[in-house]
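Peer 1: Dropping the structure in here first, questions after.
The values are calculated or read from the model by the stated rules, or taken from the named source; none is laboratory data. Just so you know, these numbers come straight off a predicted model, no measurement behind them. As a convention, Cβ positions derive from the backbone with ideal geometry for all residues, glycine included, and neighbour counts pool all protein chains shown. Surface accessibility is based on the protein's heavy atoms, side chains included, excluding ligands, DNA and RNA. Shrake-Rupley method; radii C 1.70, N 1.55, O 1.52, S 1.80 Å.
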Amino acid sequence: MTVTLVILLVLIGLSIPVGAALGILGLILDPLYSMLPLTRAIGEIAWQTNNEFLLVAIPLFIMLGEILLRSGIAEKMYSAMSLWLSWLPGGLMHANIAASTLFAATSGSSVATAATVGTVAIPQIKKRNYNESLFLGSLAAGGTLGILIPPSVNLILYGVLTNTSVPALYLAGFIPGLGVSLLFMLAIWVCCLFKPRWGGEKIHANWHQRLTSLIHLVPPIGIFLLVVGSIYAGVATPTEAAALGVVGALILAASVGRLTFAMIRDAVEGAMRTSAMIMLIVIGAAFLNFIMSAAGITELITQTITGLGVSANVMLLVLVIFYLILGCFMETLSLMITTIPIVAPIMIAFGYDPVWLGIVIVILIETALITPPVGLNLFVIQSVRKSGNINSVIIGSLPFVAMLLLMILILDIFPGLALWLPRQFS
Amino acid sequence: MTRKRIPETIFDRLLAIANTLSRGAMWVAGGLTLMSAFYISIDVIIRKAFNMSLGGSDELSGYAFAISISWALSFATLQRANIRIDTFYQFLSVRVSALLDFVSLVSLGVFIVYLTRYALEVAETSWALDSAANSTLATPLWIPQYLWAAGFLWLCVVLAIMLVRSSIALVTGDLRTVNAIAGIISAEDEALGEAEAGKRLIHGEPS
């Protein structure tokens with residue numbers, strides 16, 4: 001067990017590509033721990049994994065997001081949100097969160113959400129005298145909602161790695177996703193109650209403007225209903241829903257005159273590059289898991305940890321700390337794919353529900369996206385802004401990190417927040 | 001230095017050709033994925049509307065997915081899109097990090113060679129046993145499996161070219177080329193790319 005961990009840390013520390021590091025660890029462990037040569041199975045495992053219909057959803061969801069990004073709905077959506085929400089203490093920062101939430105409901109990517117909403121919103125900081133730090137933090141944090149609110153690529157990966165139903169995970173992600181978004185808005189509200197100057201100038205809007213702005217919310221909500229609605233109505237599996245979403249997004253882009261050959265080429269290129277990179281890690285991880293279970297290492301780890309005699313709550317605390325620390329070093333997708341096959345069986349052995357656990361882990365991954373030094377969303381916001389120091393983005397994100405952790409505490413006390421909706425549908 | 005110019009230019013040309021071919025392969029892969037999206041959508045719609053099915057959309061899109069991923073990998077690798085953890089890397093000197101870039105490329109090569117060898121074996125077994133998918137289509141499995149394994153084989157070729165080119169660069173002390181072929185794209189640079197993409201999208205230039 002220690003040997004496994006040490007080799008993995010060395011390989012990853014040497015900056016070997018994560019997918020290759022996992023695969024090579026498997027190649028090393030095979031002769032060390034198993035009686036039979038298992039390496040030959042890598043071909044069959046790679047084929048099974050690469051041919052898995054559920055995973056077909058990954059390139060499709062990424063492509064859906066890429067097409068929607070390029071169809072120009074974000075800007076209009078943001079201005080609609082600002083008309084509706086900017087009377088609140090904290091003004092446009094609520095629009096940042098709400099636009100991110102809505103964008104998250106059509107896209108499974110946190111980075112893209114932060115980049116898009118950030119580009120539209122950041123010019124408003126100077127124009128309307130906002131506290132720069134909190135404003136930037138709200139954008140970085142709002143972006144993380146992309147992976148919690150369905151459709152989410154991360155939840156598909158969790159579902160495949162742990163054999164958990166993806167529709168159940170999507171249903172479970174809803175209430176906590178909206179909950180996190182409300183907690184984010186609450187954090188802004190509270191900050192601005194104490195420091196009203198942080199809140200910037202209000203935008204004055206009348207009801208006519210507000211109501212006419214609603215039309216800009218139709219495209220994202222339409223895509224959301226098409227994708228998520230078709231899953232819950234029992235019409236489509238997650239992969240089929242993703243396919244419908246891609247076609248819907250293409251029609252949407254065509255209807256606003258944004259559908260060009262160059263646009264499709266870019267969207268396809270982005271989607272294929274990301275999917276190929278994810279799948280290499282998934283194949284490496286699938287192979288390593290096979291070797292580790294066959295050699296009995298996975299079970300040994302689970303037994304050792306359950307044998308420590310700690311309570312389930314302590315274990316949850318350990319899980320939170322584990323991800324907070326690892327989140328400081330590892331890119332989030334590889335962090336998820338590498339750790340879940342080991343972590344999930346342990347937590348399930350402690351009596352946690354697999355669906356509930358998936359939501360908690362994704363919230364922890366969201367946290368990793370906005371904690372330094374490698375919180376990618378922090379860098380994205382900093383790059384959009386192009387001036388000043390990244391520290392102000394980091395400081396501004398802290399209240400939101402606290403809210404994400406608070407959400408985990410709430411989920412621990414009321415697991416029903418995640419589990420109620422899946423039960424209604426099953 | 002002139003002494004080493006000749007092999008360098010050859011491998012630079014090869015690298016450029018590999019880039020062009022891989023980009024083409026990636027477009028075909030993306031096209032396959034888009035076709036899957038349409039095929040699956042049509043299948044869902046006529047299944048609901050007319051209560052009948054085109055059949056096999058899950059099976060065929062699974063094959064398309066496998067083939068598109070294996071063929072897209074070479075482009076992703078050439079673009080240095082593979083995720084590497086730079087926690088220590090970022091603190092190292094240019095010389096040491098160039099060495100790690102090389103080690104990483106070798107490791108990736110080792111893993112991919114294993115993967116390719118046994119992926120080919122999967123396809124060969126299906127060919128020898130004449131295995132067919134357990135579905136109504138009863139697809140002879142060797143067809144998608146060979147196409148899939150061929151993608152990995154191409155990745156091996158690309159990796160070999162990258163390895164030779166970066167070996168030459170490493171030996172001649174041309175660290176910048178090692179970095180250009182196999183270096184890590186830092187989180188800052190990656191974020192910058194995303195941010196620029198965001199800006200382009202919002203301000204409406206399509207490409």
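Peer 1: Please work out which one of (1) more than 9 Å from chain A (Cβ to nearest Cβ); (2) under 19 Å from B:Thr20 (Cα atoms); (3) in contact with a helix residue (DSSP H, G or I) (Cβ under 6 Å, 6 or more places away or on another chain) is the condition B:Val94 fails and give its number.
Peer 2: (2)
Peer 1: Scan segment A:70-98 and report the pairs whose first residue is among the aromatic types (Phe, Trp, Tyr) and whose second residue is assigned to a helix (DSSP H, G or I), with Cβ atoms within less than 6 Å and a gap of 6+ or a chain change.
Peer 2: A:Tyr78/A:Ala99; A:Tyr78/A:Val120; A:Trp84/A:Arg210
Peer 1: May I pose another question? Being over 30 Å from A:Ile381 (Cα atoms), touching a residue at least 60 places away in the same chain (Cβ under 8 Å) and among the hydroxyl-bearing types (Ser, Thr, Tyr): is that true of B:Thr172 here?
Peer 2: Taking the combined requirement at face value, the residue satisfies it.
Peer 1: With A:Ala98, A:Ala104 as the choices, which residue is out of contact with any Phe, Trp or Tyr (no Cβ under 9 Å at 6 or more places or on another chain), of a type in the set (A, V, I, L, M, F, W, C) and within 22 Å of A:Pro220 (Cβ to Cβ)?
Peer 2: On the way: A:Ala98 fails: out of contact with any Phe, Trp or Tyr (no Cβ under 9 Å at 6 or more places or on another chain).
One residue alone meets the criteria, A:Ala104.
Peer 1: For segment A:191-236, how many residues meet the condition of being hydrophobic (A, V, I, L, M, F, W, C), under 30 Å from A:Thr367 (Cβ atoms) and without any contact (Cβ under 8 Å) to a residue 12 or more places away in the chain?
Peer 2: Here the count works out to 2.
Peer 1: Still on this model: Can you tell me how many residues in segment B:64-91 are at the interface with chain A (Cβ under 7 Å from one of its Cβ atoms), more than 13 Å from the chain's Cα centre (by Cα) and touching a residue at least 40 places away in the same chain (Cβ under 8 Å)?
Peer 2: Going through segment B:64-91 one residue at a time, the tally reaches 3.
Peer 1: Turning to a different aspect of this structure: Among the residues of segment A:334-366, write down those that are without any contact (Cβ under 8 Å) to a residue 60 or more places away in the chain and either under 30 Å from B:Ile185 (Cβ atoms) or polar (S, T, N, Q) (or both).
Peer 2: If the condition is that a residue be without any contact (Cβ under 8 Å) to a residue 60 or more places away in the chain and either under 30 Å from B:Ile185 (Cβ atoms) or polar (S, T, N, Q) (or both), then A:Leu335, A:Thr339, A:Ile342, A:Val343, A:Leu364 are the ones that fit.
Peer 1: Also: Pick out the one residue from B:Leu159, B:Leu155, B:Leu115 that is open to solvent by less than 10 Å² (accessible area, probe 1.4 Å), closer than 19 Å to A:Thr39 by Cα and not aromatic (Phe, Trp, Tyr). Working first, answer last.
Peer 2: Values: B:Leu159 fails: closer than 19 Å to A:Thr39 by Cα; B:Leu155 fails: closer than 19 Å to A:Thr39 by Cα.
Being open to solvent by less than 10 Å² (accessible area, probe 1.4 Å), closer than 19 Å to A:Thr39 by Cα and not aromatic (Phe, Trp, Tyr) holds for just one of B:Leu159, B:Leu155, B:Leu115, which is B:Leu115.
Peer 1: (1) over 25 Å from the mean Cα position of the chain (by Cα); (2) closer than 17 Å to B:Asn82 by Cα; (3) more than 7 Å from chain B (Cβ to nearest Cβ): which one isn't true of A:Ile24, the others all being true?
Peer 2: Unmet condition: (3).
Peer 1: Take the residues in segment A:368-381 that are without any contact (Cβ under 8 Å) to a residue 60 or more places away in the chain and buried (at least 24 other Cβ atoms within 10 Å of the Cβ); name whichever of them is nearest to the other protein chains (Cβ to nearest Cβ).
Peer 2: Step by step, filter segment A:368-381, then rank; the result is A:Phe379.
Peer 1: If I go through segment B:134-145 residue by residue, how many of them are outside any helix (DSSP H, G or I), aliphatic (A, V, I, L, M) and more than 10 Å from chain A (Cβ to nearest Cβ)?
Peer 2: Number of matching residues: 2.
Peer 1: Here is a further query. If you check A:Ser79, A:Ser100, A:Ser34, A:Ser86, which single one turns out to be more than 10 Å from every other protein chain (Cβ to nearest Cβ), closer than 30 Å to B:Tyr118 by Cβ and not aliphatic (A, V, I, L, M)?
Peer 2: Being more than 10 Å from every other protein chain (Cβ to nearest Cβ), closer than 30 Å to B:Tyr118 by Cβ and not aliphatic (A, V, I, L, M) holds for just one of A:Ser79, A:Ser100, A:Ser34, A:Ser86, which is A:Ser34.
Peer 1: Given the condition among the hydrophobic types (A, V, I, L, M, F, W, C), under 16 Å from A:Gly26 (Cα atoms) and crowded, with 22+ Cβ neighbours inside 10 Å, answer yes or no: does some residue in segment A:250-273 qualify?
Peer 2: no
Conditions (1) touching a Leu at 6+ places or on another chain (Cβ under 9 Å); (2) open to solvent by 30 Å² or more (accessible area, probe 1.4 Å); (3) within 15 Å of A:Thr237 (Cα to Cα); (4) small (Gly, Ala, Ser), marked per residue:
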site	(1), (2), (3), (4)
B:Lys48	no, yes, yes, no
B:Met52	no, yes, no, no
B:Gly56	yes, no, yes, yes
B:Leu60	yes, yes, no, no
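Peer 1: As an exercise: evaluate B:Ala132 against (1) open to solvent by less than 40 Å² (accessible area, probe 1.4 Å); (2) under 26 Å from B:Ser41 (Cα atoms) and give the number of the one condition it does not meet.
Peer 2: For B:Ala132, the exception is condition (1).
Peer 1: Condition check: over 24 Å from the mean Cα position of the chain (by Cα) and within 14 Å of chain B (Cβ to nearest Cβ). Does A:Ala236 satisfy that?
Peer 2: In short, no.
Peer 1: Still on this structure, please answer the following. Tell me the helices (runs of 4 or more DSSP H) entirely within segment A:1-102 that contain at least 2 residues that are open to solvent by 10 Å² or more (accessible area, probe 1.4 Å) and closer than 30 Å to A:Val247 by Cβ.
Peer 2: Helices (runs of 4 or more DSSP H) meeting the threshold: A:41-50, A:57-70, A:73-85.
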